[in-house]
Ligand code: GDG
């Protein structure tokens with residue numbers, strides 16, 4: 001087996017500067033944790049080398065210092081340094097002001113600007129051009145996410161025989177929504193993805209939406225998950241991403257996490273804890289969640305002073321207007337709720353706008369009696385899975401939006417429509433009063449499922465399927 005090349009918009013680490021010293025900090029997204037866990041596992045030994053291509057968050061003149069710090073790692077880094085203006089139009093522009101809102105069913109936030117599209121094509125080309133000269137025939141290339149949907153075809157055009165997988169981490173919207181993109185753009189995006197041999201989605205619905213768009217826009221039919229396109233077999237299938245189950249399940253063995261846990265429980269002794277953590281994003285349903293909690297406290301006043309909602313919001317994309325406006329609205333709403341019913345000794349919402357260290361996040365997961373996870377749309381939502389894995393005493397209740405991909409697997413959660421204030425408020429009351437046996441029953445089933453299909457299985461499953469597609473293609477060609 002040859003080399004494995006992972007490609008994502010960003011490299012899996014960022015740089016902290018302290019005086020002249022540079023330190024590397026691993027990024028905390030789901031993809032990075034998944035791939036890192038796989039790289040560290042025995043399963044990855046089937047590849048002779050591992051490489052990661054992505055945009056660097058440091059200037060080009062720091063690369064030699066950074067590369068010194070990377071020595072001894074089990075994978076090589078290939079950094080890209082695109083021009084800042086071009087990158088902004090590609091990332092803030094096309095990726096996050098066209099594809100992100102459209103694919104999450106927020107068409108009114110889409111800004112179809114031609115220069116955003118042009119930048120998207122150019123940056124995808126930069127990625128492809130960086131890779132093509134160093135490609136070897138037995139490389140396995142795995143491209144990730146909506147920022148790089150055109151890259152597979154750009155590679156295929158230059159090297160028709162390569163092995164390329166593509167995985168979409170966000171929903172693929174229904175055809176009715178996807179078709180609202182300008183004609184050339186939507187066709188080019190689909191053709192771009194079809195440069196892959198295997199195309200992965202989190203859920204069956206996303207895969208079906210993609211196949212329907214391919215049929216309606218390009219006139220290309222599919223047979224179950226198989227597409228025959230330009231004389232090549234391509235598969236579009238589902239691979240629900242998972243988590244490092246063991247890491248979350250055993251996190252509380254770490255002394256620092258244990259200490260945080262004890263502090264949290266002592267601080268809120270006698271009170272139930274509801275917890276949520278999300279990036280600041282309009283897709284996460286923060287405003288609807290706050291409305292539901294507000295309504296819950298009105299409808300069930302017996303819970304006042306007996307429950308606390310720890311709401312952690314992680315800064316994100318704060319140079320896009322749609323994000324900054326929402327931050328103000330959310331903080332205003334939190335202030336209104338706290339101002340309305342706090343007492344001298346109790347505050348209904350503990351709000352923080354920060355990125356938590358892992359040990360604190362793990363302690364909060366374990367302390368929470370209820371996790372309230374109510375995105376308006378979410379490709380998967382790993383926080384829901386991490387919470388379930390962290391409840392090692394097999395207690396705790398997950399309230400989960402039915403519009404998150406994770407709802408397909410975590411069906412023992414209390415599933416809610418995140419915009420239905422009354423339903424969410426009632427679910428909070430139900431979760432807080434759920435008998436321990438029922439909590440345990442639901443938790444055990446969900447934990448079993450997650451530990452059976454953990455993140456290493458997810459990666460291996462995708463890569464195995466990718467080599468199977470190549471074998472099937474060879475069989476077809478030899479007929
Ligand atoms: C995409 C899709 C899909 C969050 N806050 C903190 C923190 N996190 C970590 C969580 C979790 C990850 O970030 C967020 O998980 P998401 O599922 O929301 O994933 P994203 O990477 O944002 O987004 C999403 C995912 O890809 C995977 O395919 O599920 O639907 O949008 O792992 O633990 N980690 C730390 N402190 C925080 O404050 N340490």
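The values are calculated or read from the model by the stated rules, or taken from the named source; none is laboratory data. Here the structure is a predicted model, which is why all the values come from computation and not from measurement. Methodologically, a virtual Cβ is constructed for each residue, glycine included, from the backbone with ideal geometry; neighbour enumeration extends over all protein chains shown.
Here's the yes/no breakdown for (1) within 15 Å of the ligand (Cβ to nearest atom); (2) under 14 Å from the mean Cα position of the chain (by Cα); (3) outside any loop (DSSP other than H, G, I, E, B):
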site: 375; (1), (2), (3): yes, yes, no
site: 395; (1), (2), (3): no, no, no
site: 410; (1), (2), (3): yes, no, no
site: 418; (1), (2), (3): yes, no, no
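Each row is one residue, and each column tells you yes or no for (1) under 23 Å from residue 120 (Cα atoms); (2) surrounded by fewer than 17 Cβ atoms within 10 Å (Cβ to Cβ).
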{"site": "174", "(1), (2)": "yes, yes"}
{"site": "187", "(1), (2)": "yes, yes"}
{"site": "192", "(1), (2)": "yes, no"}
{"site": "198", "(1), (2)": "yes, no"}
{"site": "204", "(1), (2)": "no, yes"}
{"site": "220", "(1), (2)": "no, no"}
{"site": "246", "(1), (2)": "no, yes"}
{"site": "257", "(1), (2)": "no, no"}
{"site": "261", "(1), (2)": "no, no"}
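Scanning region 415-472 for residues that are touching a strand residue (DSSP E or B) at 6+ places or on another chain (Cβ under 8 Å), over 21 Å from residue 368 (Cα atoms) and free of Cβ contacts under 8 Å to residues at least 40 places away in the same chain gives a single hit, 417. Among the residues of region 377-393, those identified as outside any helix (DSSP H, G or I) and within 8 Å of the ligand (Cβ to nearest atom) are 378, 379, 380, 381.
Looking only at residues in region 268-305 that are at pLDDT 95 or above and within 16 Å of the ligand (Cβ to nearest atom), the one that is farthest from residue 101 (Cα to Cα) is 275.
May I ask you to verify whether residue 4 is closer than 22 Å to residue 130 by Cβ, touching a helix residue (DSSP H, G or I) at 6+ places or on another chain (Cβ under 9 Å) and modelled with pLDDT of 90 or more? Against the criterion (closer than 22 Å to residue 130 by Cβ, touching a helix residue (DSSP H, G or I) at 6+ places or on another chain (Cβ under 9 Å) and modelled with pLDDT of 90 or more), residue 4 qualifies. Do we have residue 319 as in a loop (DSSP other than H, G, I, E, B), away from the ligand (no atom under 16 Å from the Cβ) and either in contact with a strand residue (DSSP E or B) (Cβ under 7 Å, 6 or more places away or on another chain) or under 27 Å from residue 95 (Cα atoms) (or both) here? The answer is yes for residue 319. Scanning region 209-255 for residues that are in a helix (DSSP H, G or I), touching a helix residue (DSSP H, G or I) at 6+ places or on another chain (Cβ under 7 Å), in contact (Cβ under 8 Å) with a residue 60 or more places away in the chain and more than 13 Å from the ligand (Cβ to nearest atom) yields 249, 252. Only one of the numbered conditions (1) surrounded by fewer than 16 Cβ atoms within 10 Å (Cβ to Cβ); (2) within 18 Å of the chain's Cα centre (by Cα) is not met by residue 335, and that is (2).
Summed over region 335-364, residues that are within 14 Å of the ligand (Cβ to nearest atom) and assigned to a loop (DSSP other than H, G, I, E, B) total 4.
For region 360-377, a tally of residues being closer than 21 Å to residue 454 by Cα and out of contact with any helix residue (DSSP H, G or I) (no Cβ under 6 Å at 6 or more places or on another chain) returns 1. Within region 364-381, residues that are over 19 Å from residue 408 (Cβ atoms) reach partners that are near the ligand (Cβ under 9 Å from one of its atoms) and modelled with pLDDT of 95 or more with beta carbons closer than 8 Å, at six or more positions or on different chains, in the pairs 364/277; 364/312; 365/386.
The sole residue among 446, 434, 380 that is within 27 Å of residue 38 (Cα to Cα), at pLDDT 95 or above and over 18 Å from the mean Cα position of the chain (by Cα) is 446.
Scanning region 131-172 for residues that are away from the ligand (no atom under 15 Å from the Cβ), more than 22 Å from residue 215 (Cα to Cα) and either under 26 Å from the mean Cα position of the chain (by Cα) or crowded, with 19+ Cβ neighbours inside 10 Å (or both) turns up 131, 139, 140, 141, 155, 162, 163.
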